[in-house]
Amino acid sequence: KRLLHAATTFQCFFRSWAARRDYAVSVTAIKRVQAMWRGRTARARFDHLRRLDAASVLQAAWRGAAARAELRAARAAAVTMQSAWRCRVAKAELRALRQDASDSSKLLEDKKALEKKVAELHATLQTVQDQRNELRQQVKDEKASVWRLEAALKTAGEEQAALAIAASTAVASGELVAEQEARARAEEELEVVRAQLVAAQDAATKQRADNDKKLSTAQEYIQRQLSERSDIEKKFHAMKDDLITRLQNACAQRDEARAEVLALQNEMEKMREEGVAAAQAARMPTTPGGPLANGQLTPGMAGVQRLMPESAKTMFSSLTNSMGLTPGMTTPTGTRPEDMGRGNLTPASAAESELERKAKELAAKQQAALQERRKAEEERLLGALASPLGFHKNRPVAALSAFRCCLQWRTFQADRTTLFDRIIGVIGSQIESHQEDNALLAYWLANTVTLVHLLHKNVKPATSSLQSKSRPVAATARSVFSTMFSGRSATSSAHAEASIHGGGIGGFKQVEAKYPALLFKQQLDAFVQKVFPMIRDNVKRQITPLLTNCIHMPKSGARGMQAAINKSQDAGAGIAQLRSWPDILLVLEQLLATLKDNHVPSVLVKALFKQLFSFINVQLFNQLLLRRECCSFSNGEYVKIGLGQVESWIQSQPSEFLGDSWEELRYIRQAVSFLVVGNKHKRSLEDITVDLCPGLSIQQLYRISTMYWDERYNTETVSSDVLGQMKQRMVDSTASTSHSFLLDDDSTLPFVAAEVLANIDDKDLFAGLPVPEPLKDAPANGTPGPDAGGGTPVGAPSSGTTSGFAFLERELRLGSA
C-alpha cells in the first residue's frame, strides 16, 4: 500500500513535469509564430506606405507637368493672338503712313513744280530786265545823237548868220540865192531829224511803260507763287507734326500695352509662387502620427483658410484634397474643412474671427483717412501750380515743389496714379490760355525744363521683376503666411524705411519709377518742344512788319538821310532816323529781360536768339534778292548802318545768352558789303567769292550783280567777263541740287534734349525750399500713415499750424544711385 502510494506520487510529479515541458515548448512556438506574423504585417504596411508616398510624388510631378503644359499652351495662344492683332494694327499704320507719304510726295512734287515756275519767271524777269537795259542804252544813244544834231544846228545857224552878213556886203546876187537855197535844204534836213527824234522818244517811252507793266506783273506773280509756296510748306509742316504726334501716341499706347502685359505676367508669377509656397508650408508640419496623418487640419491652416480671399479658397481645398483631407474629416477643434469658409466655427474660432474683423475695419478706416488726406494735399498742390509761385535762388518753385511732393508721396513708384495727368492738365491749360504772353510761356518753359532735368537725373526705369524668381521658396512662403496671420498689408513695410528727407542709410538714391512716371517725363519733354516754338513765333510776329523798313530806305526820307550821313562824321543824325532797327532791338531786349527774369537756361536762350537772328537774316536777304530797288549803293549803306546797331547791341549783351548770334547774319552782311564796296568792275571772280562774299552761292552773287544800280555816283557793277564766268559756273555746276537763290527759314528745334540737360547746373536744386504761400495753411491731420510717406516727422519742431508740406523745407541728401 505504501508502494502504491509512492508510485502514484512519483507518477503525479512526472506527469506534471511533462505537462509543464510540453506547455513551455508550445508557448515558445506560439511566440515565434506571432513574431513572424507581426513582422510580415509590419513589412507589408511599410511597403504600402512607401508605395503611397511614391504615388504622391508621381502625382505631384504629373500635375506640375500638366499645369506647365497648359501654361505654355495658353502663353503661345496669347502670343499668337497678340502677334495677329499687332500685325493688323501695324498694317493699318503702314497704310496710313504710305498714304501720308504719297501726300507728302505730292506736296514735294508741287513744291518742285512751283520752284521750277519761279525759276522760269525769274528767267523771264531777267530777260525783261536785259531788254530794259538795252532800251536804256538805245535811249542814251538817241540822246547823244540829238545832242550832236543840236550842235550841228547851232553851227549851221552861226554859219547862216555869217552868210547873211556876207550877203549884205556881197555884190553877186547869184551867190546870195545859192546860200538861201542851201539854208532851206539844211532847215528841211533839221526838221526831218527832229521828227525822227520825237518818234524815237515816243517809242522808247511806250516801250519803257510796257516793260514796267510786264515787270510789275511778273513781280506780282512771283509774290503769289512765293505765298503759295509758303502755304504749301506750312501745310507740309503741319502734316509732318500731325504724323509725329500720331506716331508718338502709337508708341505710347504700345508701351502701355507692354507694361500691362508685364504686370499681368508678374501677377501670374506671384500667384504661382504663393501657391507653391502655400503647398510647401502646408506639408511642413505633416508627421506620421500628426493630425494630417489622421485626416485632420491644424489650427494654423484653418486660420489661413479664413483669411484667404474667395479666389484662393479653391486652391486651398485642392491642396487639402491632395494631402488626403476629405470633406468629412474634422480638425482637432471639431471643425470640418468645408465649414471653414462658411462661418460654421467653434466659439473660440468665432472670437478670433471677430477680432480679425475689427482689426480689418480699423485698418480700412485708417487707409480711407490717409487717402482723403492725400487727395486734399494733391488738390492744394494743383491749386498752387495754377498760379505763378516765383523762384527761389534762381530755381522755379513750382517744379521743385511738384518733384518733391511726388517723391515724398512715392508717386513715382505707383503703378497707377492720376496725379501726373492732372499736373499735365494744369500746365497745358496755362499754356493754351496764354499763348501770346511770353512772360508766362518763359515761366513754364523754365519749370518744365527743370522738371525734366530732375526726372532725368533722379528717376530711373524700374528693374525687371523676374529677379524675384531667384528668391528661395521658403522665404516666399514665410512672407505670404506671415502677412496672412499678421493681418497687415504688405505695404506697411514702407513705414520702416528711412525718410528720403531724413537722410536714411546711403542718403537719397535714384527712384525706380513705373510707367506713369516715365510717361510723365515724355509729356514734359513734349511741353518743352511746344513752348519754345511758341515764344519764337510770337517774337517773329512782332518783328516781321518792322523788317520791311529795315531793308529799303523810305523815299521820303532818303535825301534827308543821305544829307545827314554826308554832313555828320559819326552818322549820328542818320542813325537817329532809323526807327525800325531800334524797335526790333527793343523787342529783343524785352525778350532777353523776360527770359532772364524767369531764369530760363542759357542754352535755350542762346538757341532762341540764334534762330531769331537767322529768321532776320533770311527775311532781309530774300527781300534784297527779290526787290531791285533794294540792290543799290545808297540802300546798302542804309542797311549797313542798321546792322552796325545790331552788332553794337549784341556786343553789349552777355555772351552766355547771345553767343555767336552775330554769325547768323552773315548772308545779309556779305550782300551789303558787296553793295557798298567800290570798283566792282575791277574785281575778279576769285576776289568776290573768296574775300568779299565767301558764304554766298554763284546764283546769289549773279542775282545781286545783275540787279545792282547806283543812283548817286552812277557806279558800274562787275565786269561782263565776271558775269560770263558766273554764268559758266552755274551751267557747269552739278553739285548743287537746287538752283534757287533764296534762303529757307529753318523752323526745327535748334537744340538737343541731352545737350540742354547736360548744361543745367544742380546748384540749389536739392537745398531747402520755403513752403509756398498757397501750401502753408494746411489743417493738422496728425502723423501720416505708412502710405503717406511724408508729413512732419516725430521730434520735428512744430509751428502754430502743422503743414503737410513741411518736408519742402528740408534738404535732399544725395547718395550713390
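The values are calculated or read from the model by the stated rules, or taken from the named source; none is laboratory data. Bear in mind that the values here come from a model prediction, so they are computed numbers and not experimental data. Counting neighbours? That spans all protein chains shown, and the Cβs are built from the backbone with ideal geometry, glycine included. Calculation scope for accessible area: heavy atoms of the full protein, side chains included, ligands and nucleic acids excluded. Shrake-Rupley method; radii C 1.70, N 1.55, O 1.52, S 1.80 Å.
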(request) Answer with yes or no whether Gln131 is of a type outside the set (Asp, Glu), assigned to a helix (DSSP H, G or I), surrounded by 10 or more Cβ atoms within 10 Å (Cβ to Cβ) and touching a residue at least 12 places away in the same chain (Cβ under 8 Å). (result) yes
(message) Cβ-Cβ under 6 Å, sequence separation 6+ or interchain: first residue in the stretch 186-199 and surrounded by 14 or more Cβ atoms within 10 Å (Cβ to Cβ), partner assigned to a helix (DSSP H, G or I). Which pairs?
(response) Ala186/Ala156; Leu190/Leu153; Val193/Leu149; Leu197/Val146
(request) Under 7 Å between Cβ atoms, at least 6 apart or on separate chains: pull out the pairs that start in the stretch 653-672 with a residue that is polar (S, T, N, Q) and end on any residue that is open to solvent by 60 Å² or more (accessible area, probe 1.4 Å) and not in a loop (DSSP other than H, G, I, E, B). (result) Ser661/Lys610
(message) Looking at Pro694 and the list (1) open to solvent by 40 Å² or more (accessible area, probe 1.4 Å); (2) within 30 Å of Val718 (Cβ to Cβ); (3) in a helix (DSSP H, G or I), which single condition is not satisfied?
(response) (3)
(request) Only residues in the stretch 709-734 that are aliphatic (A, V, I, L, M) count as the first member; pair them with residues that are open to solvent by less than 70 Å² (accessible area, probe 1.4 Å) and not in a loop (DSSP other than H, G, I, E, B), Cβ under 6 angstrom, at least 6 apart or cross-chain, and list the lot. (result) Val718/Lys680; Val718/Ser705; Val722/Leu685; Met726/Ile698; Met726/Tyr702; Met730/Ile698
(message) Looking at Lys763, Lys776, Lys727 in this structure, which one is open to solvent by 30 Å² or more (accessible area, probe 1.4 Å), of a type in the set (Lys, Arg), under 30 Å from Glu134 (Cα atoms) and modelled with pLDDT of 65 or more?
(response) Lys727
(message) Considering only the stretch 795-804, I want to know if a residue exists there that is within 36 Å of the chain's Cα centre (by Cα), at pLDDT 50 or above and either within 29 Å of Gln529 (Cβ to Cβ) or open to solvent by less than 30 Å² (accessible area, probe 1.4 Å) (or both).
(response) yes
(message) So if I check each of Val531, Val511, which one is at pLDDT 90 or above and either crowded, with 19+ Cβ neighbours inside 10 Å or touching a Pro at 6+ places or on another chain (Cβ under 9 Å) (or both)?
(response) Val531
(request) Name every residue in the stretch 657-675 that is outside any helix (DSSP H, G or I) and not small (Gly, Ala, Ser), in order of residue number. (result) Asp660
(message) If Ser387 satisfies all but one of (1) within 29 Å of Asn538 (Cβ to Cβ); (2) part of a helix (DSSP H, G or I), what's the number of the condition it fails?
(response) (2)
(message) If I ask for residues that are open to solvent by less than 10 Å² (accessible area, probe 1.4 Å) and not in a helix (DSSP H, G or I), which ones from the stretch 412-461 would you list?
(response) Phe412
(message) I want to confirm something. Restricting to the stretch 670-688 and keeping residues that are touching a Lys or Arg at 6+ places or on another chain (Cβ under 9 Å) and of a type outside the set (A, V, I, L, M), which single residue is most open to solvent (accessible area, probe 1.4 Å)?
(response) Ser673
(request) Identify, from the list Leu4, Leu58, the residue that is within 30 Å of Met271 (Cβ to Cβ) and open to solvent by 90 Å² or more (accessible area, probe 1.4 Å). (result) Leu58
(request) Output the residues belonging to the stretch 213-247 that are closer than 19 Å to Glu134 by Cα and open to solvent by 60 Å² or more (accessible area, probe 1.4 Å). (result) Lys213, Lys214
(message) If I ask for residues that are of a type in the set (Ser, Thr, Tyr) and open to solvent by 50 Å² or more (accessible area, probe 1.4 Å), which ones from the stretch 616-669 would you list?
(response) Ser648, Ser652, Ser655, Tyr667
(request) Can you run down the residue pairs with Cβ atoms below 8 Å, 6 or more apart or on separate chains, where the first is in the stretch 100-113 and over 16 Å from Gln225 (Cβ atoms) and the partner is open to solvent by less than 50 Å² (accessible area, probe 1.4 Å)? (result) Asp100/Leu243
(request) Check the stretch 711-720 and report whether any residue there is loosely packed, with under 11 Cβ neighbours inside 10 Å and either modelled with pLDDT under 70 or of a type in the set (Phe, Trp, Tyr) (or both). (result) yes
(message) Restricting to the stretch 368-397, and then to whatever is closer than 16 Å to Phe766 by Cβ and in contact with a Leu (Cβ under 8 Å, 6 or more places away or on another chain), can you tell me which residue is surrounded by the fewest Cβ atoms within 10 Å (Cβ to Cβ)?
(response) His392
